[in-house]
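Below is one structure, written out as C-alpha cells, with a few remarks after it.
The values are calculated or read from the model by the stated rules, or taken from the named source; none is laboratory data. What you are looking at is a predicted structure, and each value in this text was computed from that prediction instead of being measured. Quick reminder, even Gly has a Cβ in these numbers, built from the backbone with ideal geometry, and neighbours come from all protein chains shown.
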Amino acid sequence: QYDPNYWESAQVLLNSSSFNLRDDIGYWRQYGFGMLGIYKSDLGQIGNWNVEISGWGKEDVEIYDKLVQCPTLNVFRTID
C-alpha cells in the first residue's frame with residue numbers, strides 16, 4: 001500500500017533511480033513471456049537476433065541469455 005511518509009522522504013528521493021529495482025519498491029520478475037523493449041544500440045551490443053534458427057521457439061531464450069551475460073545491461077520485467 002502507498003505510504004506517502006515513506007516515498008516522499010528525503011532519503012528515498014536521494015537514493016532513487018529509474019533503474020533501482022528492489023523488492024521493497026515493486027514486484028519484479030527477471031524472466032517471463034511477452035514483448036521485449038530494447039534500444040537498437042543495446043541489441044547491436046549483444047549481437048542482434050539469430051536469424052539462423054528455423055522453426056518455432058528458442059529465439060527468445062537465446063536473446064535472453066545474451067542480455068543476461070552483457071555486463072552493461074540489466075534485464076527486468078514488471079507484472080502484467
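Things to note:
- Among residues of region 44-63, those that are of a type outside the set (S, T, N, Q) and at pLDDT below 85, counted: 11
- Against the conditions (1) in a helix (DSSP H, G or I); (2) at pLDDT below 80; (3) surrounded by fewer than 10 Cβ atoms within 10 Å (Cβ to Cβ), Ser41 satisfies every one except (2).
- Residue count for region 48-66 satisfying the condition of being touching a residue at least 24 places away in the same chain (Cβ under 8 Å) and of a type in the set (A, V, I, L, M, F, W, C): 1.
- Number of residues in region 48-72 that are outside any helix (DSSP H, G or I) and in contact with a helix residue (DSSP H, G or I) (Cβ under 6 Å, 6 or more places away or on another chain): the value is 3.
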